[in-house]
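A quick write-up on the structure given underneath.
The values are calculated or read from the model by the stated rules, or taken from the named source; none is laboratory data. Predicted model, so just to flag it, every value in this text is computed and none were measured. With ideal geometry, Cβ positions are generated from the backbone for all residues, glycine too; neighbour counts draw on all protein chains shown.
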Amino acid sequence: MASGNAAAVAAKRATATIPIVFTSGIDPIQIGLVASFNRPGGNITGVYTFTADMPIKSVELLHELVPAAQGVGLLLNPTNPNLSESVAVKDVEAAARPLGKQIHVLEASTDAEIDAAFSTLGQLRAGALVIVADVFYNDRRERIAALALRHALPSVYARREYAVAGGLMSYGTNLSDIYRQAGVYAGMILNGAQPADLPIVQSTKLELVINLKTAKALGLTLPPSFYWRADEVIE
């Protein structure tokens with residue numbers, strides 16, 4: 001098993017014979033993992049999760065929740081090698097424009113820069129925030145969620161774990177479903193299937209998780225539509 005883009009590429013470089021099952025957020029054809037989705041070829045197959053439009057969906061969710069917020073921060077890590085696949089800033093700006101939103105792009109790759117980004121958002125009078133998926137941020141989810149609450153910024157994150165850690169809400173791929181699908185393929189290979197014959201699974205299951213306690217702390221009243229769309233409400 002190779003979890004993540006870098007691990008999948010490294011695994012393929014390391015062996016051309018040992019079967020590999022990967023999970024990746026980048027188009028596996030684009031980074032040279034497989035020849036095609038239907039016939040991967042070689043010794044590798046896996047699960048592809050398309051994430052580039054998640055920030056756009058997050059802006060739309062924030063517009064529903066805090067329509068008066070004109071400025072929306074977009075926090076991203078410029079050192080993330082997969083950043084171009086995680087977010088297309090121009091597309092987010094284009095999608096936000098008809099909603100009357102201005103996107104403020106902030107970059108942070110250290111703890112100090114994260115703190116500075118939130119201070120900048122305060123100076124810009126931003127009314128909401130989208131955090132782009134990033135491993136560095138994942139390890140600091142409690143810190144980021146606490147900063148968002150301290151600065152009274154309704155925020156959307158890419159992983160459920162942020163909502164569990166106190167973030168307002170998360171919208172993104174269901175990791176459990178991704179790993180379950182990868183596990184099914186691993187089991188099939190152990191039973192004799194060839195990776196080259198197993199089509200790439202394109203995971204489309206998304207989940208919306210809302211932390212009701214954080215919403216109340218921010219003084220937000222959630223529209224009824226949020227409750228029936230939510231996969232999970234944390235109270």
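Tabulated data for the structure shown
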| read-out | value |
| --- | --- |
| From the options Glu93, Glu60, Glu64, Glu113, residue that is under 22 Å from the mean Cα position of the chain (by Cα) and farther than 30 Å from Thr221 by Cα | Glu113 |
| Every residue from segment 93-129 that is touching a Gly at 6+ places or on another chain (Cβ under 8 Å), part of a loop (DSSP other than H, G, I, E, B) and not aliphatic (A, V, I, L, M) | Lys101, Arg125, Gly127 |
| Segment 185-235, residues that are more than 18 Å from Pro67 (Cβ to Cβ) and among the charged types (D, E, K, R) | Asp197, Lys205, Glu207, Lys213, Lys216, Asp231, Glu232, Glu235 |
| Unmet requirement for Val89, which otherwise passes all of (1) in contact (Cβ under 8 Å) with a residue 24 or more places away in the chain; (2) in contact with a strand residue (DSSP E or B) (Cβ under 8 Å, 6 or more places away or on another chain); (3) under 24 Å from Thr204 (Cα atoms) | (1) |
| Residue that is surrounded by the most Cβ atoms within 10 Å (Cβ to Cβ) [pool: residues in segment 40-55 that are in a loop (DSSP other than H, G, I, E, B) and either modelled with pLDDT of 80 or more or among the basic types (Lys, Arg) (or both)] | Pro40 |
| Matching entry among Ile20, Ile103 (being in the same structural domain as Gly127 (by TED's automatic domain parsing), touching a residue at least 40 places away in the same chain (Cβ under 8 Å) and surrounded by 14 or more Cβ atoms within 10 Å (Cβ to Cβ)) | Ile103 |
| Some residue of segment 167-180 being closer than 21 Å to Thr110 by Cα and assigned to a loop (DSSP other than H, G, I, E, B) | yes |
| Top-ranked residue in segment 1-39 [being among the aliphatic types (A, V, I, L, M) and assigned to a strand (DSSP E or B); ranked as modelled with the lowest pLDDT] | Ala2 |
